[in-house]
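Here the structure is laid out as structure tokens; the discussion comes afterwards.
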Amino acid sequence: MRLKTFAPIVLFFLLALTFGTRAQKSETSAAPSPAWNDNSLITVQKDGGDPTRSGDVKIEFYGHDAFKITSPARLTVLTDPWRNDPTGVYPKWFLNEFPALRVDIVLSTHAHFDHDAVERPNGLMVLERLVGQFKLGDIEVTGLADKHQCQATPPDKPDRASADFHAETCPPSNVIGFDNAIQLIETGGLRIAIWGDNRGVPNPSLDYYLKNVDVLILPIETVLTRAEVDAIVQKYDPKAVIPAHYFLNGLTTDFSGLESADGWVNDQEKVHHADVRRLDRADLTLNAAELKGSHHRVYYFGNHFEKK
């Protein structure tokens, strides 16, 4: 499951270090910077807000690890917009470009092409790989610095991509592209954790922030194994889990190596007897009352994702 996708990610990243950095920088610098009228942010800044106050929180799935979260005060946060490899070294993962939707805040957990297309949405602010705390209105974001999932290079296999390019992907001496910042978004009285491609066992210092989160969004079947997902859910005990980072009909190509999350969802329902909610659309509205008393409930978007 995870191994099928992880090796291509390593290969892409290391090739991109050699061939793609200049191309990517020139592409970004050549793009015109949109001019925004920031009156809306001035108003929010003046009026303030309380992230702990209960209210409806809308979650929209844009495929892969991209979720748009709308606060009760209508502030919007977009996580991990995706793109295809801009260097041309790697085959297309996605059939379409990420939509140019308007949002207030854009987040990215780490510097891989399927999570960092921060230039695609029309964002008023970009908090790329945020570590620390940010608050505006009724939204508070806490970035938790940790490490991307990795595989150590076996000493008896010097032909692995990481050995060929002399770059380590595992801590403590991993290249910076294998850092990951889990994003914890609090709004409407809910704490929503975006795992990104983080390793299965984060630094213990993060347990304080992650235990008893309300909603945990996890990469299913590719970055993490089922055993790792189960261990994370048991340890942090979220009220709800939302699968992400899986194969989607109409969006993801076979070159991605991604797999469907159907098997994991079915396993949660039949083996673990979880409360599984299979959604028939690409958006979901939650509030504290909706989740009160729930335990590891699964909200599954399946093949539904927003296209614009």
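Just a few scattered comments:
- To put it simply, the accessible area of region 186-308 at a 1.4 Å probe is 48 percent carbon and sulfur.
- A protection proxy built from the mean count of other Cβ atoms within 10 Å ranks the segments 118-127, 274-283, most packed first, as 118-127, 274-283.
- Phi-derived couplings, Karplus 6.51 cos²θ - 1.76 cosθ + 1.60 at θ = phi - 60°, listed residue by residue for region 92-97: 5, 8, 10, 6, 10, 8 Hz, with x used for Gly and Pro.
- Three-way shape label, region 61-107, alpha-carbon gyration tensor, a/c 1.5: prolate
- Backbone N under 19 Å from the residue 249 label point (7 Å along Cα→Cβ), restricted to region 45-89: 61-64
- Residues of type aspartates and glutamates that residue 58 reaches as a straight line, Cα spacing below 16 Å, ignoring anything fewer than 8 places off in the same chain: 104, 138, 140, 186, 214, 280, 283, 290, 306
- Label positions at residue 145 and residue 56, each projected 7 Å from the Cα along the C-beta direction, are separated by 4.0 nm.
- Region 68-149 - Kirkwood radius from inverse mean 1/r over Cα pairs (Å): 13.6
- Hz values of 3J(HN,Hα) by residue in region 227-237 - Karplus curve (6.51, -1.76, 1.60), Gly and Pro given as x: 5, 5, 4, 4, 5, 5, 5, 5, 6, 9, 6
- Measuring nothing but how far apart in sequence close Cα pairs (under 8 Å, 6+ apart) lie, relative to its length, region 213-263 scores a relative contact order of 45 percent.
- Fraction of beta bridges assigned by DSSP in region 108-267 that are antiparallel (%, nearest 5): 65
- Backbone N within region 77-110 under 15 Å of label point (7 Å from residue 38 Cα along the Cβ vector): 104-106
- Judged by the mean number of other Cβ atoms found within 10 Å, the most tightly packed of the peptides 202-212, 243-253 leads the ranking 243-253, 202-212.
- Residue pairs, from the table 147/211; 147/235; 46/147; 92/307; 211/307, whose Cα atoms sit over 26 Å apart: 46/147; 211/307
- DSSP beta bridge pairing in region 180-308, given as percent antiparallel to the nearest 5: 25
The values are calculated or read from the model by the stated rules, or taken from the named source; none is laboratory data. Since this is a predicted model, take the numbers as computed values, not measurements. FYI the Cβ positions are ideal-geometry reconstructions off the backbone, even for glycines, and counts take in every protein chain you see. Note: accessible area is taken over every heavy atom of the protein model, side chains too, but ligands, DNA and RNA are not part of it. Shrake-Rupley method; radii C 1.70, N 1.55, O 1.52, S 1.80 Å.
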